[in-house]
1. So for the pair Asp166, Ala141, with labels modelled 7 Å out along Cα→Cβ, what separation do we get in nm?
2. On a straight-distance basis, which aspartates and glutamates could pair with Lys60 in a cross-link, Cα separation under 17 angstrom, same-chain partners fewer than 8 positions away excluded?
3. Would you mind pulling out the separation of the Cα centroids of segment 56-130 and segment 168-185, in Å?
4. When His186, His121 are ordered from fewest to most other Cβ atoms inside 10 Å of their Cβ, what list results?
5. What net charge is computed for the residues neighbouring Ser85, neighbours being all others with C-beta under 12 Å from the C-beta of Ser85, Lys and Arg scored +1, Asp and Glu -1?
6. Which residue, Gln124, Ala158, Ala72, has the largest displacement toward the positive end of the dipole of the chain when charges sit on each Cβ (Lys, Arg +1; Asp, Glu -1)?
7. Report, in degrees rounded to the nearest 10, the 0 to 90 angle that the Cα long axis of helix 30-47 makes with the longest principal axis of the chain.
8. Tell me the mean residue ellipticity at 222 nm calculated for the chain from its helices only (DSSP H runs of n ≥ 4, each -39500 (n - 2.57), averaged over every residue, nearest 500).
Amino acid sequence: MKKLTLTLGAATLASPALAASGPFFSLGNSDFVVSIAFILFIGILVYFKVPRTIMSMLDKRAEGIQANLSEARTLREEAQTLLASYERKQNEVKEQADRIVAAAKDEAESAATKARADLEHAIQRRLKAAEEQIESAQADAVKEVRDRAIQVAVAAAADVLAKDMDSARAAALIDSSIETVQAKLH
């Protein structure tokens, strides 16, 4: 309030009214009238406590700004905390992803090793089965050759016997065969 009064007093002393010619304290001097009107205007403002109202409005505005600054500071701290939390979560997720990738690689390697072992086992089984089939085919071929050789030998023997056989000899063979059968049956 004192500052306002001092400011008004200084403004009045430095006014062009002091530079005007003629008596200053006369109603004919427009500078005097304007100075009086200004002082009355300032007095009315002081009477109705306008400076105090303006000051309280400015104080409220300053308090509002201070509250906004405090809220902004709080929000900034919360944002920094949230950012740190998200960065920590991002690092955790990255580490987890790295572990998953490493586990997948290990699993793929073990699956490949198992697949190789299974393939070798399957190849060994197939080789063994093929060898068994070859041995079986070989045995069948040997049996077939023996059977055929026996058939050929029997046919050749029948031909030889048929050529060498006369009726007397055939009758003697039949009689000896009958005696052999009788001896075995009794």
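What follows draws every value from the coordinates through simple rules; no lab data is involved. The model shown is predicted, which means the values in this text are computed figures rather than measured ones. FYI the Cβ positions are ideal-geometry reconstructions off the backbone, even for glycines, and counts take in every protein chain you see.
1. It works out to 4.8 nm between the two label points.
2. Leaving aside aspartates and glutamates fewer than 8 places away in the same chain, those within reach of Lys60 are Glu71.
3. 102 Å
4. His186, His121
5. Result for the neighbourhood of Ser85: -1.
6. The listed residue farthest towards the positive side: Ala72.
7. The answer is roughly 60 degrees.
8. Calculated mean residue ellipticity at 222 nm is -32500 deg cm²/dmol.
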